[in-house]
Amino acid sequence: MKATTLVLFFVCIPLLIKAQELELLDIHYSISPIQTSTSHEYIQQGSIKLRYPIIAGQRNQFLVGPTYDIMWVGKTINDHQALHGLSVQVAWQRKIRSNLSFSWLFTPGIYSDFKDIREEDFRFSTAFRMKHTLSEKTSIGFGIGYARQFFGNVLMPFLEIDWKINDRWSMSGLFPIRPKIEYLVTKRLTLGTQIQVDNSSSRLSSQYNESQIVQFKQWNAQLYADWKLYKNLYFSLIAGYVFRRKVQVFTKDTKVPWTLFTFPIGGERTAIRTIAANGYLLQAGLAIKLKRR
């Protein structure tokens, strides 16, 4: 289940406050086939994300908003039952100097099958970032994301690059968890490619599934198109390939003390059920974005 998109967007941690853009609404749906030795299934994910700028000053920016995620992972893992996520994201950016800023992101939420919501269904993620503007076309930052997942602790250090190469080409994002390269075809159409990393978890019901943990982790490469439909309304279409994916169910007491990105320190734990299958990914979405000078 995405704690989101990241991460850790989680897990891909998106720092939602950008110098040029505020994304107020994001709605998307994705589907990816998974072929196992006994079945052909699909992972389906949907998300609705709202962000509202409480403070939008020159030195301080503060955004708050809810996110609802839903995922279906097939019969093998959860008998086609939906996994849900309901969270609230808080993002704050402070401009320390004209060329230096600090950002903080905090996302608490409930992630479960929603059959019997309990205290154990709660988890959170957070991220910190320092960013230095080198010129009008280039800035660089560094930071670290942390998620308290049901299976343990996840760390995602990252390097952020925002480089406008020329009037059409740009490179930006969080390396290695969400880097991207974009090409501006027209004022309304942008094409791009990016890598995305996800490592998140949901809790199954205590009454029916003994509070088992579903862990979802993957690395995927994407090609995307972003169209400006009308004023601040955008439509996106993504085609990608998941080149490293694993969906597993663990007992409630399974713990991995620390994980770096998607790699558990100390080795893998024994799962009750596992799907390890790569595959294609398709996603469509709508967003409302405010461009800022």
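Please specify each residue of the stretch 219-270 satisfying the condition of being of a type in the set (Gly, Ala, Ser) and modelled with pLDDT under 95.
Correct list: 266, 267.
Could you grab the pairs with beta carbons closer than 7 Å, sequence gap of 6+ or different chains, first residue in the stretch 131-155 and hydroxyl-bearing (Ser, Thr, Tyr), second one not in a strand (DSSP E or B)?
133/99
For residues that are of a type in the set (S, T, N, Q) and assigned to a strand (DSSP E or B), scanning just the stretch 230-250, find the one that is farthest from residue 149 (Cα to Cα).
In this case the residue turns out to be 236.
Considering (1) open to solvent by less than 70 Å² (accessible area, probe 1.4 Å); (2) in contact with a Ser or Thr (Cβ under 7 Å, 6 or more places away or on another chain), say which one residue 172 fails and leave the rest.
Against the list (1) open to solvent by less than 70 Å² (accessible area, probe 1.4 Å); (2) in contact with a Ser or Thr (Cβ under 7 Å, 6 or more places away or on another chain), residue 172 comes up short only on (2).
Mind checking which residues of the stretch 251-282 are open to solvent by less than 10 Å² (accessible area, probe 1.4 Å) and part of a strand (DSSP E or B)?
259, 275, 279
Would you mind stating whether residue 148 is basic (Lys, Arg), in contact with a Lys or Arg (Cβ under 6 Å, 6 or more places away or on another chain) and buried (at least 20 other Cβ atoms within 10 Å of the Cβ)?
no
Would you confirm whether any residue within the stretch 188-210 is of a type in the set (Gly, Ala, Ser), outside any strand (DSSP E or B) and open to solvent by 50 Å² or more (accessible area, probe 1.4 Å)?
Checked against the condition, which is being of a type in the set (Gly, Ala, Ser), outside any strand (DSSP E or B) and open to solvent by 50 Å² or more (accessible area, probe 1.4 Å), the stretch 188-210 yields no hits at all.
Quick check, is residue 206 modelled with pLDDT of 95 or more and within 26 Å of residue 153 (Cβ to Cβ)? It would help to see each step written out before you state the result.
On the way: modelled with pLDDT of 95 or more: no; within 26 Å of residue 153 (Cβ to Cβ): yes.
It is false that residue 206 is modelled with pLDDT of 95 or more and within 26 Å of residue 153 (Cβ to Cβ).
If you take the residues in the stretch 115-127 that are open to solvent by less than 30 Å² (accessible area, probe 1.4 Å) and within 16 Å of the chain's Cα centre (by Cα), which one is nearest to residue 150 (Cα to Cα)?
Per the criteria, the residue is 123.
Taking the stretch 62-77, which residues are open to solvent by 20 Å² or more (accessible area, probe 1.4 Å), touching a strand residue (DSSP E or B) at 6+ places or on another chain (Cβ under 6 Å) and at pLDDT below 90?
Step one: of the stretch 62-77, the residues open to solvent by 20 Å² or more (accessible area, probe 1.4 Å) are 62, 64, 66, 68, 70, 72, 75-76.
Still in the running and touching a strand residue (DSSP E or B) at 6+ places or on another chain (Cβ under 6 Å): 62, 64, 66, 68, 70, 72, 76.
Selection gives 76 alone.
Looking only at the stretch 128-157, how many residues end up being part of a strand (DSSP E or B) and under 20 Å from residue 99 (Cβ atoms)?
12
Restricting attention to the stretch 167-179, which residues are assigned to a strand (DSSP E or B) and within 14 Å of the chain's Cα centre (by Cα)?
Residues satisfying the conditions are 173, 174, 175, 178, 179.
Looking at the stretch 222-242, which of the residues that are open to solvent by 40 Å² or more (accessible area, probe 1.4 Å) and within 17 Å of the chain's Cα centre (by Cα) is nearest to residue 173 (Cα to Cα)?
Residue satisfying both the conditions and the ranking: 223.
Within the stretch 99-114, can you find the residues that are part of a loop (DSSP other than H, G, I, E, B) and loosely packed, with under 15 Cβ neighbours inside 10 Å?
Step one: of the stretch 99-114, the residues part of a loop (DSSP other than H, G, I, E, B) are 99, 113-114.
Answer for the stretch 99-114, where residues must be part of a loop (DSSP other than H, G, I, E, B) and loosely packed, with under 15 Cβ neighbours inside 10 Å: just 99.
The values are calculated or read from the model by the stated rules, or taken from the named source; none is laboratory data. The structure displayed is predicted, hence computed values, not measured ones. A quick note on method: Cβ atoms are made from the backbone with ideal geometry, for glycine too, and the neighbour counts reach across all protein chains shown. These area figures cover heavy atoms from the full protein model, side chains too; ligands, DNA and RNA do not enter into them. Shrake-Rupley method; radii C 1.70, N 1.55, O 1.52, S 1.80 Å.
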